[in-house]
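Please read the structure below before turning to the comments.
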Amino acid sequence: MSRTIDLRGRAPQKPPLLPTPPPGSVPSLLSALPPVQLVSGQPPLLEGTRLDAAGRPLNAPAADLSAWLVGTPPTQATAEFTAPPLGLTRPWEQAPDYPRPSAALAPAPPVANLVPPPLPVAPPASEPLPETGAAGGPVTCPHCEWPLDRTDPTKPEPGEVVAFLQAQLGQLPYVREYTLFDGALRIVFRTLTVGEIDLVYRQAYRELERGVLTTMPDFYERLGRLRLCLQLLKLSAPSVQRDLPEGLSPETNPHARGFWQTAAPEPGETQLPQIEAYLLADVLRTEPIFRVVNNACARFNRAVAKLEALADTPGFWQPTGSAT
């Protein structure tokens, strides 16, 4: 419930009188002092003027002090008296004496002239990155694309040495059979002709120019896959039997007994993408079998490269010879 208070017509009330202080107390002594009267001719106090215990200005000239004592007019020196600035009348309010900078110091350069260091420029994405190992050497064999971080295949057997020697002396492709999965899978590889390996590199460099391959590891891996398309001669398993042509074309391998029949490739392209598409669709249809066969082909090329490197080794090419 609201309440209304009407103050109209109400007489103002006088404040209650304070009680009289007892004699001898501080209030009674202060009230007994006579009122302060300014002596005629006394200079007025300016705001901020500091006084001593007797009520005289501390920083007034000595000639003006008589005006405060006897009331005589101030001398001419009174006109030269200036009060201290406001805010600096107490000792604890005095401005600290900070050290001033020396004129010999060079000024700081403007912010606009500060140029950040240039950022390192990354190589273009289309430029193949160099493939080097920790010591600066290659990590892939330039002859057979074998990764040098893998365990090197064992030295060739005497029978392999003789077969390779007879194939090279008879100008025939070197052929070797590998058995995997305890003999359940049998695969046969062959070496390539100069025309066929040139076509493999042409296709890999073509994909590098188009931006399909961007790094050197991708380039070497692509070389191995393209070589597999032509080097695989036979794949035999209990449920599958695939015999593949011995040559790419009469132009690249004129002495082969069979060739790949493909559609005419587009200008600048080769038949290899068509052959690869057939192998991945009908021969090497799963990733594990493709990887197993591809690794076996890499071991075959590595063994061939080692046999080539031993061509000038005396005594190695005898039926009972061994590497020294």
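Things worth noting here:
- Gyration tensor verdict on the stretch 182-256 (Cα atoms; rounded if a/c is under 1.5, prolate if a/b is larger than b/c, oblate otherwise): oblate
- For the stretch 159-236, trypsin sites (Lys or Arg not before Pro) are listed when DSSP marks them as loop and at most 10 other Cβ atoms sit within 10 Å of their Cβ; the list is Arg210.
- Amide H contacts of Leu213: Leu208, each under 5 Å away and 5 or more positions distant or on a separate chain (H built 1.01 Å from N in the peptide plane; Pro and chain starts excluded).
- Residue-count net charge about Phe316 - beta-carbon cut-off 13 Å; Lys, Arg +1, Asp, Glu -1: -2
- Interchain or long-range residues, amide H under 5 Å from Leu233's placed H: Val188, Phe189, Arg190
- Here the stretch 156-204 yields Rg over Rh of 1.09, to two decimals, using C-alpha coordinates and the Kirkwood radius.
- In loop segments of the stretch 217-324 as defined by DSSP, the GluC sites (Glu not before Pro) with at most 12 further C-beta atoms inside 10 Å of their C-beta are Glu251.
- Per residue, the Cα convex hull of the stretch 177-324 amounts to 160 Å³.
- Cα gyration tensor shape of the stretch 226-292, rounded if a/c is under 1.5, else prolate or oblate by comparing a/b with b/c: oblate
Bear in mind that the values in this text are calculations on the coordinates, not laboratory data. Not measured: the values here are computed from a predicted model. Cβ atoms come from the backbone with ideal geometry, glycine included; neighbour counts cover every protein chain shown.
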